[in-house]
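> Just passing along the structure, written as structure tokens.
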Amino acid sequence: MTNTSAFDAPLTIAPDAVLIVIDVQQGFEDEEYWGPRDNPEAEQRIGELLDAWQRTDRPVVVVQHQTARGPLTPGTPGYELKPVVAGVSADLHITKTVNSAFYGTPDLHEWLQQRGATQLVTVGIMTNVCNETTARMGGNLGYDVVFPIDAMHTFAMAGPDGELIPAEQLAKGTGAVLHAMRFAKVVDTAAVLKAV
């Protein structure tokens, strides 16, 4: 678990902090498939962070999810990155078929270890799925994970009883768990930009 005193300290962003941009792909525009989303400003916030990382020459990792069928299938328009990410010159490009960016190709943990990186800032899609899973795993591996929750979004999902849980509620729950259990520092984009 992250050192408590370090976790409660004011937010600082290391000169070599790695921005991990997760699954910002065209297929997530398919509302008929995914349902209603939250946070329509997510892509704008992601763009602001990408600009800050590129301006300060910090490393960027871009992650793309592959599925065998559906909107994120390689070779379809949905697999392609959204414009906010498409033109980015990434230091590392990962493809994955599961929720965590740590289980992709090439190996994220190995790359981070080779660089001596200790701080990760995760953004992208979906807040409570691939973003949360990557943040939890990063925290468990000992990284200082920063989670700017307004630079991501998710979709409404049905619970086991069939009740549809709004996307905003799912995102709020994710932020609460990551913060309370010290997996990540849950902040907003403005706080990260101020610290860069």
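> With a 10 Å Cβ neighbour count serving as the proxy for reagent exposure, in which order, fewest first, do 153, 93 appear?
On the way: 153 26, 93 16.
The most exposed by this proxy come first: 93, 153.
> What is the sum of charges, Lys and Arg at +1 and Asp and Glu at -1, for the other residues whose Cβ falls under 13 Å from the Cβ of residue 108?
Every neighbour counted, the sum reads -1.
> Would you work out which of 171, 154, 22 lies farthest towards the positive end of the dipole of the chain? Charges go on Cβ: Lys and Arg +1, Asp and Glu -1.
Positive-end residue among those listed: 22.
> Sorted by packing (mean other beta-carbon atoms within 10 Å per residue), highest first, where do 184-190, 16-22 land?
The densest-packed peptide leads the list: 16-22, 184-190.
> Now for a different question. Going by amide H atoms built from the backbone, whose H comes under 5 Å of the H on residue 95, apart from near neighbours?
64, 105
> Follow-up. Can you give the net charge of the other residues whose Cβ lies under 14 Å from the Cβ of residue 127, counting K and R as +1 and D and E as -1?
Value of the local net charge: -4.
> To the nearest 20 debye, what is the magnitude of the charge dipole of the chain about its Cα centre, counting +1 on the Cβ of each Lys and Arg and -1 on the Cβ of each Asp and Glu?
Rounded to the nearest 20 debye, it is 500 debye.
> Where does the chain land at 222 nm, in deg cm²/dmol rounded to the nearest 500, when only DSSP H runs of n ≥ 4 count, each adding -39500 (n - 2.57), divided by all residues?
-9000 deg cm²/dmol
> Next question. Residue farthest toward the positive end of the dipole of region 4-195, with Cβ of Lys/Arg at +1 and Asp/Glu at -1: which of 128, 13, 71?
The Cα lying farthest towards the positive end belongs to 13.
> Another question, if that's okay. Say we join alpha carbon atoms closer than 10 Å with springs in a Gaussian network model of the chain; which of 118, 154, 67 then has the biggest fluctuation?
67
> For the chain, with a Gaussian network of springs between Cα atoms less than 10 Å apart, report the residue from 41, 32, 80 with the top mean-square fluctuation.
32
The numbers here are math on the coordinates, done by the rules we state, and not lab data. The shown structure was predicted, so the numbers you read here are calculated from the model rather than taken from an experiment. Because the Cβ atoms are built from the backbone with ideal geometry, glycine has one as well, and the counts that use them run over all protein chains shown.
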